[in-house]
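Below: one structure, written as structure tokens.
The values are calculated or read from the model by the stated rules, or taken from the named source; none is laboratory data. None of these values were measured; they are calculated from a predicted model. In this analysis, Cβ positions are derived from the backbone assuming ideal geometry, glycine residues included, and neighbour counts consider all displayed protein chains. Ligands, DNA and RNA are excluded from the accessible area calculation, which covers all protein heavy atoms including side chains. Shrake-Rupley method; radii C 1.70, N 1.55, O 1.52, S 1.80 Å.
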Amino acid sequence: MSVAPNVSQTAVSSAGGRPGWLTFEMIAFMVFAAVALTLPAYASVYVLYMACLVAINVIATVGLNITVGYTGLLSIGHSAFIGVGAYSAGLAMVHLGTPLPVNVVIGGVSAFLVGLVFGIPSLRIKGVYLAIATLAAQYSLYFVFQNWTSVTGGDRGLNLPATNMFHMGDTGFYYAVLILAVVLCIGARNLFRTRVGRSLIAVRERDYAAEVLGINIVRAKLLAFGIGAAFAGVAGALTAAFLRLVNPDQFTLLVSVFFLAAVVVGGRSSIIGSVLGAAFMTLIPDMLREILSLISPGGTANVAGLLSPLREIIFGALIVGFLMFEPRGLMGIVERLRGRRELVGSEAGGE
């Protein structure tokens, strides 16, 4: 009597005949790990700078995806929470001389508490009304950053000392950011395998039905804002140490739109999509700069002037374009390509 093979094993083995343990995710992770760990050995200072920036933006994007993608609570004040983390960590560094790991914790906890406060409107309103409430949070916190000069330094901001992680300078900071980004991404992915994570998804699907099933809607919504803000606070603390400057202009509404675009472009309700979206959106200015330098009549002289107004247009066009043509974002494209590749592999195996 024949026994039908396991479906997942068949799918994996038919996709090119690889052994069952060698999945697409594992191959991608091994390639990423090899490139990321060896990058400082051959990369220029600018490439290392961009790699740090991508890793920091990944952390912030994952946090926003927890709130917007997994829980369905629209927030357009994410950069304000990043600012809370940056200022908290910066003040601790200036006045207490605390090291980077402590500053990261301070930034994350401070933003978590502020996120809980500004998450209260989500208990009564949702949709576009909640977006307007988070917009009020964005402008309120920006006002505090700009006008509480005795603490934040106002428009002048805070100047911070250099951070020397592992006694390796910029390379040490790169490895610290990389490790933290990987740990937080894995933690976020595992969160939604727990009861708390499943309750957040239930709130997104149907909050009234979730309440009937015994889920504490109040706690779930506040946790969604708090956890998302905590990720933003960690990203803010890293940004402060990375740029050695904390200034209100780093936390404007455009920055919030940037991260919202990263979530939509990468793929909502997907940690890997958040990574793809953050990397894509971070590298877009460089792509545009190269394209404009080739087509601009004045060469590189006019690139900066053209790039500034184009940035807002590009962000808006990407959000609208992905919502219309690929709601699942880059992750949807990757999954479609994987499905097509596995289908081709199975047909080849059948022949």
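Which of the chymotrypsin sites (Phe, Trp or Tyr not before Pro) across the stretch 91-178 are loop residues per DSSP, with 15 or fewer other Cβ within 10 Å?
TRP148
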query: What accessible area per residue comes out for the stretch 135-277, rounded to a whole number of Å², with a 1.4 Å probe?
result: 46
- prompt: Where q = 0.10, 0.15 Å⁻¹, what log10 of I(q)/I(0) comes from the Debye formula for the stretch 60-184, counting one point per Cα?
  reply: -0.37, -0.79
field: Gap separating the Cα centres of the stretch 213-284 and the stretch 86-157, nearest whole Å
entry: 13
- request: Divide the volume of the convex hull of the Cα atoms of the stretch 111-254 by its number of residues and quote the answer in cubic angstrom per residue.
  value: 123
statement: Checked against the positive end of the charge dipole of the stretch 122-229 (+1 on Cβ of Lys and Arg, -1 on Cβ of Asp and Glu, about the Cα centre), the farthest of GLY153, THR134, ALA220 is ALA220
query: Ranked highest first by average number of other Cβ atoms within 10 Å, how do 78-88, 28-38 line up?
result: 78-88, 28-38
field: GLU335 versus ASP286: modelled label distance in nm, points set 7 Å from Cα along the beta carbon direction
entry: 2.9
- request: Determine the per residue accessible area of the stretch 89-129 with all protein chains present and a 1.4 angstrom probe, expressed in square angstrom.
  value: 55
task: Find the Cα radius of gyration of the stretch 42-123, compare it with 2.2 N^0.38 Å by division, and give the number to two decimals.
output: 1.27
